[in-house]
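First comes the structure, then the notes that go with it.
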There are 2 protein chains.
Amino acid sequence: MKIALECIPCFVRQAFEAAALVTSDHKLREWILRETLSTLHEKSFDTTPPSIGRDIHSIVKTLTGNNDPYARVKRESNTIALNLAASLKDHIKNSSDPFETALRLAIAGNIIDYGQGDRIDEKTIQHSISQCLNQPIERDSIEELKEELSRASNILYLADNAGEIVFDRLLIDELKQYPVSLAVRGRPIINDALMEDAAAAGIDKVVEVIDNGTDIPGTIIEECSPEFRERFAHSDLIISKGQGNYETLSDSPHKIFFLLKVKCPVISRDIGCREGDIVVRKKGRIRS
Amino acid sequence: MKIALECIPCFVRQAFEAAALVTSDHKLREWILRETLSTLHEKSFDTTPPSIGRDIHSIVKTLTGNNDPYARVKRESNTIALNLAASLKDHIKNSSDPFETALRLAIAGNIIDYGQGDRIDEKTIQHSISQCLNQPIERDSIEELKEELSRASNILYLADNAGEIVFDRLLIDELKQYPVSLAVRGRPIINDALMEDAAAAGIDKVVEVIDNGTDIPGTIIEECSPEFRERFAHSDLIISKGQGNYETLSDSPHKIFFLLKVKCPVISRDIGCREGDIVVRKKGRIRS
């Protein structure tokens, strides 16, 4: 999915918010904003949002010397989510369809997305949980996903954000009987999940966890590590979480189930749904 | 009031929205956005938001050849407001304090502000009316304004937006016994009120209407016409509507009563109130 022009103001907002998170120095914040304006002015817009997102957040990292501006935010999100995990596990266990409930909760966790601008606290997450447990969902797609899971020999689950990854753990617990691996980002980018976040969620004790080698808030295959590229190519089913992975993989020929909560008008137009909707959407075919 | 860094993404958003309003040509929209990014990159931020706002909207006008991108929007706002006017007049007449009610309604009309991004329809305006009629208001300031009105020999009322000006007419009807003139912008800028909007509201039949000679979404005295500057200097009481006039006059030594609905975090910080609040705030002293 290519960027839309309305992504441009959103990138400038992201630069401001990241700068504000990492420094109180007004001059430094202004420098970051001016570099962002200049970078956006010169960039081709014939690319995906996460590609430009990486460039914008690189400015913040380079000019502040802070390679992980969202480190604290990510720890906080993991803590909030871990505090909720036990009761959510019970909820799954006692539900009439544990798989669907775990899937809904994994999508609920996708609210923890700092690319979208709002500060996420426990109240926001609780609200997302109660919404996602009751919202309309594409049941045919869930049934199709169940079938594909039972047939697949290599399943790759692409994580999105810290905090959210604790919710992914709930779904992965329901997938344990299948040959699943989980992939996180290779280096810090916004609040996207890294190896340490997968470990905080305890996922490394359940399934294999790999990283994609990049600091892109999505999955641009050509820029990923050779190891990740090979794993991706040999997976016959991909489960992709969140907007950034959707934005970078929506045109992939691979068989991918996208799970996400729609949080921006550009994505909602591309998918053909409304902001706030929860999405289980299959795209692509078996192996490219 | 100087711009804050968080005004910068807001300007980029304004450029996108104005471009989207005036042309469906993607290449032209992109050109407008790129020029906006470049202009903001080069500008000093040591200025007021309306100064930069004028520059950004000039880009839209120049590149599209459309000198009044919000012409249709302004006509629509006037029509919606005029359709409500008769019942609002009755409401004022039957209220226990017609002056305060008219003042609240004038502030309610300040929701019709296309610099803030949301499309304004009748429902939005009705919502603002019922909010503003019941929100807390600075009663001491209202009493002070009444006193100042009775003492003033030259009162200048600075209008803000089209549509809103119909609500200003309601307040001006309550001020008819005082020596009031109304000032609008000199040339099109966003949805700010011009002479033709004052005429649509019928204000030119009640009080004298002048324009300030500029295309700035606020009042930068040094850039106004000599005639306006003289009128401003000789007024012993200014009534200033909206955010743009506040942003450009908040540091003026003149005695000014600012009437506005707070619609952005930068203004709310500067005034010391919350977004959504309605404000009647006196600043400055008699004559500079």
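The values are calculated or read from the model by the stated rules, or taken from the named source; none is laboratory data. The structure presented is a predicted model; accordingly, all values stated were derived computationally and were not measured. Don't worry about glycine lacking a Cβ; one is built from the backbone with ideal geometry, like all the others, and counts go over all protein chains shown.
I'm checking my understanding of the structure. Among residues of segment B:177-197 that are out of contact with any Ser or Thr (no Cβ under 9 Å at 6 or more places or on another chain) and assigned to a helix (DSSP H, G or I), which one is farthest from B:Ile239 (Cα to Cα)? Within segment B:177-197, the match that is farthest from B:Ile239 (Cα to Cα) is B:Glu196.
B:Val266 satisfies every condition listed in (1) in contact with a Cys (Cβ under 7 Å, 6 or more places away or on another chain); (2) crowded, with 23+ Cβ neighbours inside 10 Å; (3) closer than 16 Å to B:Gln116 by Cα except (2). Filtered by the rule that a residue be farther than 19 Å from A:Pro217 by Cβ and of a type outside the set (Ser, Thr, Tyr), segment A:228-269 gives A:Glu230, A:Arg231, A:Ala233, A:His234, A:Asp236, A:Leu237, A:Pro253, A:His254, A:Lys255, A:Phe257, A:Arg269. Among residues of segment A:20-31 being in a helix (DSSP H, G or I) and at pLDDT 95 or above, the one that is nearest to A:Lys74 (Cα to Cα) is A:Arg29. Of the residues making up segment A:18-52, those that are surrounded by fewer than 22 Cβ atoms within 10 Å (Cβ to Cβ) and in contact with a Gly (Cβ under 9 Å, 6 or more places away or on another chain) number 1.
No other residue among A:Ser44, A:Ser51, A:Ser95 is at pLDDT 95 or above and in a helix (DSSP H, G or I) apart from A:Ser51.
Across segment B:267-288, the qualifying residues are those that are charged (D, E, K, R) and closer than 17 Å to B:Tyr157 by Cβ, and the one among them that is modelled with the lowest pLDDT is B:Lys283. In segment A:234-254 there is no residue that is under 13 Å from the mean Cα position of the chain (by Cα), assigned to a loop (DSSP other than H, G, I, E, B) and either assigned by TED's automatic domain parsing to the domain that holds A:Gly53 or modelled with pLDDT of 95 or more (or both). The single condition among (1) hydroxyl-bearing (Ser, Thr, Tyr); (2) within 13 Å of another protein chain (Cβ to nearest Cβ); (3) crowded, with 23+ Cβ neighbours inside 10 Å that B:Ser77 does not satisfy is (2). Among the residues of segment B:204-258, those identified as of a type in the set (Ser, Thr, Tyr) and farther than 12 Å from B:Pro50 by Cβ are B:Ser225, B:Ser235, B:Ser240, B:Ser252.
Yes/no per residue for (1) in contact (Cβ under 8 Å) with a residue 12 or more places away in the chain; (2) within 8 Å of another protein chain (Cβ to nearest Cβ):
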site: B:Ile3; (1), (2): yes, no
site: B:Ile8; (1), (2): yes, yes
site: B:Phe11; (1), (2): yes, no
site: B:Lys27; (1), (2): no, no
site: B:Trp31; (1), (2): yes, no
site: B:Glu35; (1), (2): yes, no
site: B:Glu42; (1), (2): no, no
site: B:Asp46; (1), (2): yes, no
site: B:Pro50; (1), (2): yes, no
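When segment A:270-284 is filtered for residues that are over 14 Å from A:Ile256 (Cβ atoms) and in contact (Cβ under 8 Å) with a residue 60 or more places away in the chain, the ones remaining, listed by number, are A:Asp270, A:Gly276, A:Asp277, A:Ile278. Of all residues in segment B:13-25, which are in contact with a His (Cβ under 9 Å, 6 or more places away or on another chain) and either over 17 Å from B:Pro217 (Cα atoms) or within 11 Å of another protein chain (Cβ to nearest Cβ) (or both)? Answer for segment B:13-25, where residues must be in contact with a His (Cβ under 9 Å, 6 or more places away or on another chain) and either over 17 Å from B:Pro217 (Cα atoms) or within 11 Å of another protein chain (Cβ to nearest Cβ) (or both): B:Gln14, B:Ala15. One residue stands out among those in segment A:90-134 that are surrounded by fewer than 20 Cβ atoms within 10 Å (Cβ to Cβ), in contact (Cβ under 8 Å) with a residue 60 or more places away in the chain and within 30 Å of A:Pro9 (Cα to Cα): the one that is nearest to the chain's Cα centre (by Cα), which is A:Gln116.
Being modelled with pLDDT of 95 or more and over 27 Å from B:Pro69 (Cα atoms) is the requirement here; does B:Ala152 meet it? Yes; evaluated as a whole, the condition is true for this residue. Can you name the residue in segment B:201-219 that is surrounded by fewer than 19 Cβ atoms within 10 Å (Cβ to Cβ) and of a type in the set (Gly, Ala, Ser) and, of all such residues, is nearest to B:Ser58 (Cα to Cα)? Filtering segment B:201-219 for residues that are surrounded by fewer than 19 Cβ atoms within 10 Å (Cβ to Cβ) and of a type in the set (Gly, Ala, Ser), the one nearest to B:Ser58 (Cα to Cα) comes out as B:Gly213. Is at least one residue of segment A:155-174 assigned to a strand (DSSP E or B) and either farther than 26 Å from A:Lys263 by Cβ or of a type in the set (D, E, K, R) (or both)? Checking segment A:155-174: not a single residue is assigned to a strand (DSSP E or B) and either farther than 26 Å from A:Lys263 by Cβ or of a type in the set (D, E, K, R) (or both).
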